[in-house]
Each structure stands twice: as structure tokens, then as C-alpha cells.
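Trainee: Shown below is the structure under consideration.
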């Protein structure tokens, strides 16, 4: 009967949606009512009322359209929810980051069409089990980060609910009837609750559950019967717990349809050979960050997991050498991560030959002094990470056969030379990372065959000069859109362009921490398609060095933080109409009227103060960074002295020590300045 009612309710909602959509598609969309403090618009054919971050203490009930589809009340100061107007057709209600303390039936009575509700990051301690009795189609409910009181009876009466998020709600005990009336749950997140133990009973009613998260729950024990009724479970995450003594086979045996298992950082030191004996459909297994010194990979993984496609054994401190048969039966493996484990190239040569269908291989920080001689079998390998290995230059040539590779990370491998033929066969390569190798110079024609290359990272390579045109062979143009040269002691030309014309398609350029003190006005002339430019951490001082920005009409983001700029003026950004952000923090600005003019430019011309990174005060939302760095300036000595003298001559003035420091945030300086600002 219950299933029939749920099906009928969902069917009615679907029919209503189809009829409404059809009607609206056949006539012009009409403006609906919109509260004064809110912004309203159509999303496709649905009326959205956005009242978020408006400092409201109540929902503007009387001003809401009855056809409102989404009501966003996030980031306000609402402590109570009164009944909504009759006949309102609200589908999604967003109430995150408010001051609610409970959810009652009276608040949501009559919300027949409600499908999704978000009450995360409030102060809710109690949820009325009947709160959503009038919402027969409620599908998702988010309650994460609320200090819920202990629940001794069924938590909620909502048979249609499919997704429930109870992450970080202070739940330390689950009674056996907790989910008794939410039996159709498909996804459940209980992460970061101090549960410590999972006893039999609480999950017995969740026979439809497919996704369960129990990360960071201080778990030390899980009963063998805890998941006995979860035969439909497909994804289980129990990472960041202390389950060293757990009998994994008994706990996992009922999960016959399990496809994804994440047990990273659970304190386990070994796994028996039959740990996954009943999980025949397991596709993804994450064992990372466990001290599996003596794991018998062949016994535990090589025989049982014939369907396995992704295996993460990173940072497991594997001490025993891999046997040649370790992955002989894992013929479907597509992703293998062995990073952070001490490995021998000879062992890998034998082991990897049984995995010709690999698409992604990670061998970062494996103490490899040479590469395994096995890359000739990887016809389908698309991603390879061999970073942070003390490789000898001579063995890099073993990469030659990787013709299908799209991503290659060779950073911090102690390379002093990369041979001209290293990338000759990698015609599909899109991203190449060579950072942290003291290459000094690059061989002529080194990138000649990389015709699909889009991203090139050469940070900290001790390059004195940027790319020589000859490194691309005879090609007149490349498809590279991202170039990172951070941390190189670049010698910048006094005139002309920094980069060759082959890089004219470049959109993202990182020149941070390159010791740059000046920029000639034509330095970016050959790369005028740039949308992102990072010049942070240099020693650029005079504003005249920024005249080069006039050649970048498409520029959207520029980072000038931590330089030596003492002044700034919005006129230097006149040729950058698409600018969305400029980071000026960490510069020794002098408080003068150019600061106020730049502030006004952001507010009035750009219409968004956020364009100036660091202009906004700290954010005190739960989970956010409480203290942010702000844009600041300091008064010059003469002005500061005059201010001190003026303050001392003011009779009976209360003394605030902070007021008499020369330093100011831009916001404070703009408020107290006497500049002739724009109206």
C-alpha cells in the first residue's frame, strides 16, 4: 500500500511537471511575484526566488509567488519557519546556514510538491518525525552539520526519501528503529559522527540502500551482522577509522553486489586472502594510507577480484617484493596506484606485463632509480605519474612506446637532460609536467611531435630563458593553452615579447616567483589571448611595469600579489574589460587616493567588489576560514605624523590604540579618506 501511494504521488508530480512545462513552452513566460530583498529569475521554465545572504530574519511569505519552484534562503538569520501560504507549489527549499533549532510539522504543512530540502549548517537539535508528512514526494533531505539530540524512536516518517545526509551531526548511537520509516533510502551519509561501534539492527530496514558513507566515525568495531540486510549496497566508504582487528570477510560477506569499497586509513596492517571472497563484483578498491607492510597482493587480490578495475595501494609502506603473479588474474584492471611504496624496477617489469589494459598508472615517490622495462605492453595507457623518483636520465628513453599517453608527470625526478626522442611517439599527449628538474635548457625539437599538447609545466627547472622556438621543431603554431614557468630565474627582455609566436594560443600563463622586476610594454604582444596571468611573488614595483596589460583584452584573472607595488590606478586596467579578479594582496601600498579610485572602479564600473581579492571581510560561516588576509595600505610618514598631531589636539577624545597605527585595510582607508571620489 505504501509503495502504491508513493508511486501515485510521484506520478502526479511527474504529470504536473509535464503539463506545466508544456504550457509554459507554448506561451511566453510571465513574471511572477518577487520579494523586495530577493532576486528572482526563470531557470529553464522554473521560477527561482533567491533571497540568500540578505540578512533576513524571516521568510517573506506574503511576497512569494505560489509558483515558486526553488526558494533559496541560505545564509540568513532565520530562527523559525512559519507555515507557508496555501497552494504554494514549492519544489526545493534551501535553508542552509541559518539559526534554526528544530523542524516541526507545522512549518511544512501543506508543502505537497516539495521534493528537496536543505537545512545543513544550522543549530537543529530535534526533527519532528512527522515534519514532512504533507510532502509525499520528498526525495532529498540535507541535515549535515547540525547538533542533533539522541533519537530513541524512528528518526523520520518519510517513505519516499531517497537521499539523507546526516554528516557531522554529533550522532553517537543509532537505535535499531532509527531508519524504520525511511526504508526506501538509496544514499545515506553518516560520516564524521562519533559512532565508535556499529551494532546489529540499525541498517536492517534499508534493503534498498546502494550508497553508504561512514568515514571518520571513530569506529573500532563493526558487527558481522551490521550489514547483513544490505545486499543491494554498491558503494561503501569507511575511511579514516581504527579497524585494525576487524574481521573483514564476515563484515563484507553480505555485500554481494558491492562495487566500490574505500577503507583507506583504517589502521589495518594485513588482510587475509579471503577478505573479499564474496565481493565478486568489486570494481574499485581503495586501501591507501594503511601500513600493509606484508600484504600478500597475489593471495588477497590476485585470485578473488576478477572484476576489479581500479586499485589504490598508495602510501601502504609495502615492504615485501611483488611477485610476478601478483596481478595475473586482474586482467580487467584499468587504474593502479602504487605511489608512496618502495618499489624495484625489476619487480614492476614482471608484474605490470600482466596488466596490458591499464589506462592509468601512478608510481610517484616509489624510490625508483630506473624505470621498469615494460611500457611496450601498454597500448591503452593514458595517464602515467612517475614523479618524485630519483631516476637516471638514461632510462627515460623507456617511455618511448607510450603512444596513447595523454597525461605524463615526470616532475622532481632529478633529471638534468631529456633526450630528443623521449616524446617522439606521444602524439596524443595533452599534459606534460617536467617541473622540479634542473634542465637549464631544452633540446631543439624536443616537443616537435607533441601536436596535441595543451598544458606544459616547467616550474622550478632553473630555466634562464623561456621556451626557444626551436623546441617545437618547424611548427609555426602549437595548441598549448597553459604554460607554467613558476620559480625559474628568468631573464626578461628589455623590449619585445617574452614568448615565441608558436604560443599565441596561450590562455593561462604562470610567471610567479621568477625574480621579475620589470615588464616592457610589449612583453605579452605574442600571447594576447591570455585569460589568466600569474605574476605573484616577483619584485615588480612601478605601476609603469603594468602598461603591458594593455595588450591583453581577454584577460579575466591576474595575480600581482606579493610584489613591491606601492600604488595602483584603475586606468591601467582600462584595456581589460573582461577582468573578473585582480589579486593585489601582500604589496606595500601607500594609502592615497588611488586606492579609493580603484575601490570605486570595482564597485561602480565592475559592479562587484569581489573583483578586488581581499576586499571583503572575514567569513564566519561554519566550516569556513575565519580569518582572511585583507588588502592593506600604510600612510606615509608625514601624513601619519599629521594624523597623530591632529588626534592629540582633539580634546576629550577616547583613545583607541588601533586607530593610531599607520596601517589600514583598504576598506577602512576608503571610509576615512577625504578623496574627491566618484559619485
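Just so you know, all these numbers are worked out from the coordinates, no wet-lab data involved. Since we're looking at a predicted model, the values are computed, not measured. Cβ coordinates were reconstructed from backbone atoms using ideal geometry, including for glycine residues, and neighbour counts include every protein chain displayed.
Trainee: Tell me, what is the FRET efficiency for residue 242 and residue 421 to the nearest 0.05, using R0 = 60 angstrom and their Cβ-Cβ distance as r?
Mentor: Rounded to the nearest 0.05, the efficiency is 0.75.
Trainee: Report the gain in length on full extension from residue 140 to residue 642: 0.36 nm times residue separation, minus Cα-Cα distance, nm rounded to one decimal.
Mentor: 174.6 nm
Trainee: Remind me, what semi-axes does region 542-623 give for its equivalent ellipsoid, largest first in whole Å, using sqrt of 5 times each Cα gyration tensor eigenvalue?
Mentor: Square roots of five times the eigenvalues give 21, 16, 13 Å.
Trainee: Can you give the Rg/Rh ratio of the chain, where Rg is from the C-alpha atoms and Rh is the Kirkwood radius?
Mentor: 1.02
Trainee: Looking at the chain only, what percent of DSSP beta bridges run antiparallel? Nearest 5 please.
Mentor: Details: 8 of 83 bridges.
So the antiparallel bridges amount to about 10 percent of the total.
Trainee: Using only the alpha-carbon atoms, what does region 341-433 span along each of its principal axes? Please give whole angstrom values in decreasing order.
Mentor: Largest to smallest, the principal-axis extents are 30, 27, 18 Å.
Trainee: A further question follows. Say each of residue 482 and residue 518 gets a label point 7 Å from the Cα, pointing the same way as Cα to Cβ; how far apart are those two points in nm?
Mentor: 3.4 nm
Trainee: Then there is this: Put a dot 7 Å past each Cα toward the Cβ at residue 232 and residue 36; how far apart are the dots in nm?
Mentor: 5.0 nm
Trainee: If I model a spin label as a point 7 Å beyond the Cα along the Cα-Cβ vector, how far apart are those points for residue 605 and residue 86 in nm?
Mentor: Using points 7 Å along Cα→Cβ, the separation is 5.6 nm.
Trainee: How long, wide and thick is region 87-128, going by the Cα atoms along their three principal axes, in whole angstroms, largest first?
Mentor: Result for region 87-128: principal-axis Cα extents of 29, 18, 12 Å.
Trainee: Per 5 Å bin from zero, what fraction in whole % of the C-alpha pairs of region 325-480 is there, up to the bin with the longest pair?
Mentor: 2, 9, 18, 24, 21, 13, 8, 4, 1, 0, 0
Trainee: May I ask for log10 I(q)/I(0) of region 480-555 at q = 0.23, 0.24 Å⁻¹, from a Debye sum over the Cα atoms as equal point scatterers with solvent left out?
Mentor: -1.13, -1.25
Trainee: Work out the FRET efficiency for residue 357 and residue 428 from their Cβ-Cβ distance, taking R0 = 25 Å, and round it to the nearest 0.05.
Mentor: 0.90
Trainee: At R0 = 45 Å, how high is the FRET efficiency between residue 77 and residue 550 if r is their beta carbon distance? Nearest 0.05 is fine. Please report the intermediate quantities before stating the final value.
Mentor: Details: r = 45 Å, r/R0 = 1.01.
E between residue 77 and residue 550, to the nearest 0.05, is 0.50.
Trainee: What is the gain in length, in nm to one decimal, between residue 207 and residue 383 on full extension, counting 0.36 nm per residue of separation less the C-alpha to C-alpha distance?
Mentor: Contour length minus the Cα-Cα distance gives 59.5 nm.
Trainee: Quick check: residue separation of residue 197 and residue 325 times 0.36 nm, minus the Cα distance between them. What number comes out in nm?
Mentor: Full-extension gain reported as 42.3 nm.
Trainee: What list of whole percents do you get for P(r) of region 568-607, with Cα-Cα distances grouped in 5 Å bins up to the one holding the largest distance?
Mentor: Computed distribution, short to long bins: 6, 21, 34, 26, 12, 1.
Trainee: Using only helices, what value at 222 nm comes out for the chain when you add -39,500 (n - 2.57) per DSSP H run of length 4 or more and divide by the total residues, to the nearest 500 deg cm²/dmol?
Mentor: -3000 deg cm²/dmol
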